[in-house]
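See below for the structure under consideration.
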Amino acid sequence: MYIQETNVPFILNFSPKHQQIALTFLSGIGSRRARILIAHFNDLEEFFTEKTLNLAKIPGVPSNFISFKQRAAALLEADKALEHLERIGGQTVFYTEADYPRRLKNCGDAPLLLYSKGNVDCNPEKIISIVGTRHATDYGKSLTRELIEGIRQTGTTVVSGMAYGIDICAHTSALENELSTLGVLGHGLDLMYPFAHRKIASRMLETGGLVTEFPPGLKPEPSYFPMRNRIVAGMADATIVVESGDKGGSLITANLANDYSRDVFAYPGDIGRPFSAGCLKLIQEDKAHLLTGPDNFLTMMDWNIQGPAVVQRKLFTDLNDFEERIVTALKTKKDLAVDSIGFIASLTAAEVSTHLLNLEFKGLVRPMPGKRYSLI
């Protein structure tokens, strides 16, 4: 169907929700270019009714991807997706809306739009992702259950990818401990892969739910699951790898979490176990904290209900001028790299490194993955 560029009334028949979905259907735009468009216009209706000639003048936006005909076709496709979504009881949340996951929004490659189903709260006070091999051992499942049971008192939301193995163990354990759990899918909301997990997915809708960037009707493809992993990593305060081989989706998720400057933890496991290799590699390369259990995790995240470490820091007064400046710098953010500390504290990298070591000895500072540091 050919739609002339002067046929603006046709465009005006669609709602803002149609426009949000349609923007994700425009081939070649992508989330980064789409954000340029969002920043350029007061609302998306202006974009969909604007002449192609004027759109071509926007820096960073290829005119051959946004003809009026393509925009109109995307709106028609969005209308079908929205109708399908309403039939299955799903919702959407757009990048600019308040309910969009605020942690994910800080990631440069965050999707523009998420589809969800259930009682989904993407912005809880505490949220972690738990990932691992699909071929989980009894040992790995036991660690997962122990961890989730140990953090129950914090009310933490648990995110994972609905896959076999550690993922589904994490979801099930969260349900058993009355914690909200979110499953991030590599396909549309009207499907469930693996099919065997449909009953657990149904239970999750009561106090959590399902999230995906893929529209209803889109079937799982191998390339979709690495895309899903960035949402798993980006939505969470911390990513925990329970068991992993030396390759696979769990390591992808952990590396993404590091790229997003999030905390990463890994259980070390037995060096003879094939699914300890990935965790050991993360720890060895300083990309993950060594994790031994829930108490260890809560202490490292400073999520203990009682805060003895904070009291200790307030009482500790034996700091020289350099150390005081470093502590002051670290109070500005959750963690900082050495060069950032030096910039804020007006110190050289060598001075920062020397006094950071002294602060570690005094129990006031801890090293983080990616050569970053935080206050204890």
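The values are calculated or read from the model by the stated rules, or taken from the named source; none is laboratory data. Everything numeric here is computed off the predicted structure, so don't read it as measured data. All Cβ positions, even for glycine, are placed from backbone atoms using ideal geometry, and neighbour counts span all protein chains on display.
Things to note:
- Among residues that are surrounded by 15 or more Cβ atoms within 10 Å (Cβ to Cβ) and in a helix (DSSP H, G or I), Leu82 is included.
- Residue within the stretch 172-187 that is in contact with a Lys or Arg (Cβ under 7 Å, 6 or more places away or on another chain) and of a type in the set (Val, Ile, Thr) present: yes
- In the stretch 1-52, of all residues being among the acidic types (Asp, Glu) and closer than 12 Å to Ile66 by Cα, the one that is modelled with the lowest pLDDT corresponds to Glu5.
- Restricting the stretch 186-238 to residues that are farther than 17 Å from Ile168 by Cα and aromatic (Phe, Trp, Tyr), the residue that is surrounded by the most Cβ atoms within 10 Å (Cβ to Cβ) is Phe214.
- The residues on offer are Arg145, Arg102, and the sole one that is within 18 Å of Asp237 (Cα to Cα) and surrounded by fewer than 24 Cβ atoms within 10 Å (Cβ to Cβ) is Arg102.
- The residue of the stretch 187-225 that is nearest to Ile127 (Cα to Cα), among those that are small (Gly, Ala, Ser) and under 22 Å from the mean Cα position of the chain (by Cα), is Gly208.
- All positions within the stretch 31-60 that are part of a loop (DSSP other than H, G, I, E, B) and either in the same structural domain as Met227 (by TED's automatic domain parsing) or crowded, with 18+ Cβ neighbours inside 10 Å (or both): Glu50, Ile58
- Meets criteria (farther than 22 Å from Pro268 by Cα and either in contact with a strand residue (DSSP E or B) (Cβ under 9 Å, 6 or more places away or on another chain) or in a helix (DSSP H, G or I) (or both)) for Thr144: no
- Scanning the stretch 334-361 for residues that are at pLDDT 80 or above, surrounded by 14 or more Cβ atoms within 10 Å (Cβ to Cβ) and not in a helix (DSSP H, G or I) returns Asp335, Leu336, Ala337, Leu347.
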